[in-house]
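Remarks on the structure that follows.
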Amino acid sequence: MNKLKIIVLLTIVSLATVAFAPFEGYRTVRNESFVKGERIEYRVHYGIINAAEARVEVSRSLVSVNNRPCYRVNVSGKTVGAFDMITRVRDQWRSYIDTSAILPHMFYRNIQENNFRKEETVIFNHGANTAYDKDLQKTYKVPNNIHDIISGYFFLRTLDFGRIGVGEVVEVPTFFDGEVYKLRIRYGGKSEIKTKFGRIKVLKLTPFIPDNKLFKGENPMTLWVSDDDNKIPVKAEVELVIGSLDMDIKGYRGLRTEPNWIK
């Protein structure tokens, strides 16, 4: 179930123009995509059955962590309807992301799934390249410019896909659950899809998913991201061994620019 939750997070979280320069030991990333006060809601369904709801929001005010100004990004997900009776999920995830470096300073999650509970806080020290788990009181050595699972996808939103070739793979080093791995996504080019708000031009992305008995094939997931300044996921499909899981944008507010809906 943990792997499935990671995939859902990967689907609900976003992607656009990056430049690097040293600043007090930190890189500087140009962000022309997300802003304070952004909020996006999603509906996850299994066939015609509503399975879950998810929300991604950037707080209206900045906070200070490690003496650096940060965006506070909250991601929440819960099962609904019949799925809620089978597996009750109430998950909260949070990342404090440096406004200049687009790197995490702190990551928090509170997992509630049926009778299972887990709470975790990780503090990142980019000067020492470490991640400290406060609950386990354990320090991990990590690569330079490490991300958590949320900050990694907000960083991907700063990429200029006009400079990435079709079929090219983007990799981001990510720390999760005591391990370092590479968040990898293949760019599949441009297309156009239909949503509840109208048709929209999109970028097609294929995340690489770890081997899992839940999923079908090598690349079971496809993600469509708005081809505009916002670079927000508007639709995703995950092929399961039995059936498929789909995610669609349900609502939004506070984006940098209005999406380019085609009525």
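The values are calculated or read from the model by the stated rules, or taken from the named source; none is laboratory data. Not measured: the values here are computed from a predicted model. Here the Cβ positions follow ideal geometry from the backbone for every residue, glycine too, while neighbour counts run over all protein chains shown.
Quick notes on this structure:
- Residue in segment 238-261 that is surrounded by the most Cβ atoms within 10 Å (Cβ to Cβ), counting only those that are out of contact with any Ser or Thr (no Cβ under 7 Å at 6 or more places or on another chain) and modelled with pLDDT under 90: Leu245
- Residues of segment 54-67 that are assigned to a strand (DSSP E or B) and touching a Gly at 6+ places or on another chain (Cβ under 7 Å): Ala54, Val58.
- Scanning segment 209-219 for any residue that is under 17 Å from the mean Cα position of the chain (by Cα) and at pLDDT below 95 turns up at least one such residue.
- Filtering segment 77-105 to residues that are at pLDDT 95 or above and small (Gly, Ala, Ser) leaves Ser95, Ser100, Ala101.
Here is a yes/no grid of residues against (1) under 18 Å from the mean Cα position of the chain (by Cα); (2) among the hydrophobic types (A, V, I, L, M, F, W, C):
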position: Val29; (1), (2): yes, yes
position: Ile40; (1), (2): yes, yes
position: Val44; (1), (2): yes, yes
position: Ala51; (1), (2): no, yes
position: Val63; (1), (2): no, yes
position: Pro69; (1), (2): no, no
position: Ser76; (1), (2): yes, no
position: Ala82; (1), (2): no, yes
position: Thr87; (1), (2): no, no
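- The residues of segment 170-180 that are outside any loop (DSSP other than H, G, I, E, B), more than 15 Å from the chain's Cα centre (by Cα) and surrounded by fewer than 13 Cβ atoms within 10 Å (Cβ to Cβ) amount to a single one, Glu179.
- Qualifying residue in segment 225-237 (condition: among the small types (Gly, Ala, Ser), more than 28 Å from Phe107 (Cβ to Cβ) and surrounded by 14 or more Cβ atoms within 10 Å (Cβ to Cβ)): no
- Members of segment 147-162 that are among the small types (Gly, Ala, Ser) and buried (at least 24 other Cβ atoms within 10 Å of the Cβ): Ser151, Gly152
- Top-ranked residue of segment 64-103 - restricted to ones that are of a type in the set (Ser, Thr, Tyr) and surrounded by fewer than 19 Cβ atoms within 10 Å (Cβ to Cβ), ranked as nearest to Ile150 (Cα to Cα): Ser76
- So Leu203, is it in a strand (DSSP E or B) and at pLDDT below 90: no
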